Structure formats: C-alpha cells, structure tokens
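**Q** Sharing a structure, written as structure tokens. Questions coming.
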Amino acid sequence: MAHPVPRSIWRNPIHFLAFGLGSGAAPKAPGTFGTLAAVIPFYFILQHLTNQQYLLMLIITSVVGIYLCHKTAKDLGVHDHSGIVWDEFVGYWITMWLAPAGWFYIVLGFVLFRLFDILKPWPISWLDKNVGGGFGIMVDDILAGVMSFVVLQALVHFVF
C-alpha cells in the first residue's frame, strides 16, 4: 500500500465507509478485498431487490460514495488512497445489476470487474488520471462496472 492506513478509519464513520467497512485496510490488494467485501454479505442481500430498487440503490450509493470518497481523501490529504474502496463496492454492484442468480455469475462478475478495474482500458485510464475529487475517485470504478456489466450481460445472453 502506497500510504499507511490511518487510524481514523476505525473512529470516523465516513472514513470507515469509504474504506469499505475496513476491508480497504488489507495490507495487499485492498481493491480486491474491497470488491470481495461488496459481495459478502452485501450482494447476497441486494440481489433480492427488484430491478428498480436495485437501480435506485446504485444511484444512491454512487452519490453517497462521491461524498464519502471526497471527504475521506480530503481529510487524509491523499487524492485516491488505495484503501478507499467504496468505489469498488459500487463498481461491483453495477456489474451485477440484472445478473442471473448463482455462484457462477457472482464469481464471473467479480473477475470481470477486477479485470476492468486493474487494467483500466481507455477511457477508464483517462478518467482515473484526469478527474479529481470524490467524483474522480468514483467515476473510473463506475465506468469499470458499466463495462463489466455490458460484458456480463453479453455473455449471459449470447454464450451461457
């Protein structure tokens, strides 16, 4: 991890949420651990929402995430601290909107999202480098989630 994990994540509820309920404090691969924390237990609960409820949840968690990430980054003095993983939560949840039930799709969505988030194909890489603040922290993972969603839906409809 490029920056040390601040103690404030255990005391400040905003930092705690931005750090994915502490999952971003993992010493290695905090983004992967953050994505995993988005699955267990959250996705198991969220998958029971109607499509409209799930979409509303995505909008709310994205808007709230912009605030959480902005405030935490500002408080820490680090633009996109690697431990801030709320954006991974939302990106994974975007990937999984309208996904069929079952472990196969949960794992496939996880792998797809992590690939897009790590490889950052254009325009994700451009957004990651050129957009600041809480929106900048969130937008690259939102787009990685959208791209993963499109690939997952294409696989569901044309391959599996």
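Just so it is clear, none of the values below were taken in a lab; they were calculated from the coordinates. Everything numeric in this text was worked out from a predicted model, so none of it was measured. Cβ: placed from backbone, ideal geometry, glycine included. Neighbour counts: every protein chain shown.
**Q** How large is the helix-only mean residue ellipticity at 222 nm for the chain, computed as the sum of -39500 (n - 2.57) over DSSP H runs with n ≥ 4, divided by its residue count, in deg cm²/dmol to the nearest 500?
**A** So the calculated ellipticity at 222 nm is -20000 deg cm²/dmol.
**Q** Moving on to the next point. Which value, to two decimals, describes the C-alpha radius of gyration of region 1-120 once divided by 2.2 N^0.38 Å?
**A** On the way: Rg = 14.0 Å, N = 120, 2.2 N^0.38 = 13.6 Å.
In units of the globular-protein estimate, region 1-120 measures up at 1.04.
**Q** What is the sum of charges around Asn12, taking Lys and Arg as +1, Asp and Glu as -1, for the other residues whose C-beta is under 15 Å from the C-beta of Asn12?
**A** That works out to +3.
**Q** A further question follows. How high is the FRET efficiency between Leu155 and Arg7 when r is their beta carbon distance and R₀ equals 35 Å, given to the nearest 0.05?
**A** The calculated FRET efficiency here is 0.25.
**Q** Among Leu68, Leu98, Leu112, which one shows the highest mean-square fluctuation when the chain is modelled as a Gaussian network with alpha-carbon springs under 10 Å?
**A** Highest fluctuation among the options: Leu98.
**Q** Enumerate the lysines that Lys74 could reach by cross-link, defined here as Cα to Cα under 22 Å, with residues fewer than 8 away along the same chain left out.
**A** Lys129
**Q** What full-extension length gain, to one decimal in nm, is calculated for Val146 and Ile118 as 0.36 nm per residue of separation minus the Cα-Cα distance? Let's see the in-between values first.
**A** Values: separation 28, 0.36 × 28 = 10.08 nm, distance 1.44 nm.
Length difference between fully extended and current span is 8.6 nm.
**Q** Follow-up. What number comes out for the charge environment of Ser125, summing +1 per Lys or Arg and -1 per Asp or Glu over other residues with Cβ under 14 Å away?
**A** Local net charge: -3.
**Q** How charged is the neighbourhood of Asp140? Take every other residue with its Cβ under 15 Å from the Cβ of Asp140, and add Lys/Arg as +1 and Asp/Glu as -1.
**A** Every neighbour counted, the sum reads -3.
**Q** Right, something else. Have a look at Ser82, Ile59, Val151 and report the one farthest towards the positive end of the charge dipole of the chain, computed about the Cα centre with Cβ charges (Lys/Arg +1, Asp/Glu -1).
**A** About the Cα centre, the residue reaching furthest to the positive side is Ser82.
**Q** If you average 1/r over all unlike Cα pairs in region 27-96 and invert the result, what Kirkwood radius do you get in angstrom?
**A** 12.7
**Q** Reachable aspartates and glutamates from Lys71, Cα under 20 Å, same-chain residues fewer than 8 places away excluded?
**A** Those aspartates and glutamates meeting the cut-off are Asp80, Asp87, Glu88, Asp128, Asp140, Asp141.
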